[in-house]
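Working notes for the structure below.
The values are calculated or read from the model by the stated rules, or taken from the named source; none is laboratory data. Just so it is clear, the model here is predicted, and its values are computed rather than measured. When we count neighbours, we look across all protein chains shown, and the Cβ atoms used for this are built from the backbone with ideal geometry, even at glycine.
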Amino acid sequence: MATMITDRIKEKPNSVICLASGDTLKLALRKVVDKATQQQIDFSAVQFIGLDEWIGITAETHGSCADFFNKYIFLPLGIPNNNFHLFNGTAIDLEKECKKMDEIILRLGGIDLMVVGIGINGHIGFNEPGISTSLKSHVAELQETTQSVGQKYFNSTQILKEGITLGFQHLIDSKEVILMASGVAKAQIIQKTILGEISEVVPATVIRKHPNALILIDEEAASSIAEKERIRFNS
């Protein structure tokens, strides 16, 4: 995945790249930084969009999405502040914050590459089961599963009732999408995402509607998919 990102930047130095935060992306972003440093790839014109943020959590809080991006890509590559665009989870007017992000994406000409993970309930970003696929940036009420799993990113217990996120319309409109998953905990939801009915019940299935999408998973995440289905899917 790191090579795919750096190749896109070589091809289009002013690419607009949307990134998710979280454990799945850590290793990939470390490799992006290594490749960029070793190959002296110029990131100065790249524009970064943050996929989501926890509402009520400051950017400086360890475990926030902003903290993740700063730690794993922005600071290591020296990305200037005006080259990344993140949701403010403590904004007084969250509707205005959503509108601002939509306007930024429109002004930049849309997203060239979106790299996302997947939750164990099938969410992408904070687009939880049952959410409309036609939404752009919006505030989302988080399911108990997301609230519980989200605690692992923080040093102390946090109130994680809501999130602010890009919507699935942004994913559908992106020129290219990569969904990444690793580990046995993601095996069942990956099986549903790849082989199940395309439905808002499993939000990640919407990726199969995208004409230029790639799902990257390791052996553990693929463990619920029978060998014959793997062959059919890869063919």
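When the residues of segment 203-226 are filtered to those that are touching a helix residue (DSSP H, G or I) at 6+ places or on another chain (Cβ under 7 Å) and in a strand (DSSP E or B), the one that is farthest from THR24 (Cα to Cα) is ALA213. Every test in (1) in contact with a strand residue (DSSP E or B) (Cβ under 9 Å, 6 or more places away or on another chain); (2) within 30 Å of ASP34 (Cβ to Cβ); (3) at pLDDT below 95 is passed by ILE118 save one, and that test is (3). If you check ILE41 against the conditions, is it of a type in the set (A, V, I, L, M, F, W, C) and touching a strand residue (DSSP E or B) at 6+ places or on another chain (Cβ under 8 Å)? No, not satisfied. When every residue of segment 132-146 is checked against the conditions, at least one turns out to be modelled with pLDDT under 95 and in contact with a Phe, Trp or Tyr (Cβ under 7 Å, 6 or more places away or on another chain). The condition (being under 30 Å from THR61 (Cβ atoms), among the β-branched types (Val, Ile, Thr) and surrounded by fewer than 13 Cβ atoms within 10 Å (Cβ to Cβ)) is satisfied by just one residue among ILE159, ILE207: ILE159.
Each residue in segment 7-59 was checked for being farther than 26 Å from LYS152 by Cα, crowded, with 19+ Cβ neighbours inside 10 Å and among the polar types (S, T, N, Q), and 2 pass.
Yes/no matrix, rows are residues, columns are (1) in contact with a helix residue (DSSP H, G or I) (Cβ under 7 Å, 6 or more places away or on another chain); (2) closer than 20 Å to LEU171 by Cα; (3) of a type outside the set (Phe, Trp, Tyr); (4) modelled with pLDDT of 95 or more:
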| position | (1), (2), (3), (4) |
| --- | --- |
| THR24 | no, yes, yes, no |
| GLN40 | no, no, yes, no |
| ILE92 | no, no, yes, yes |
| LYS100 | no, yes, yes, yes |
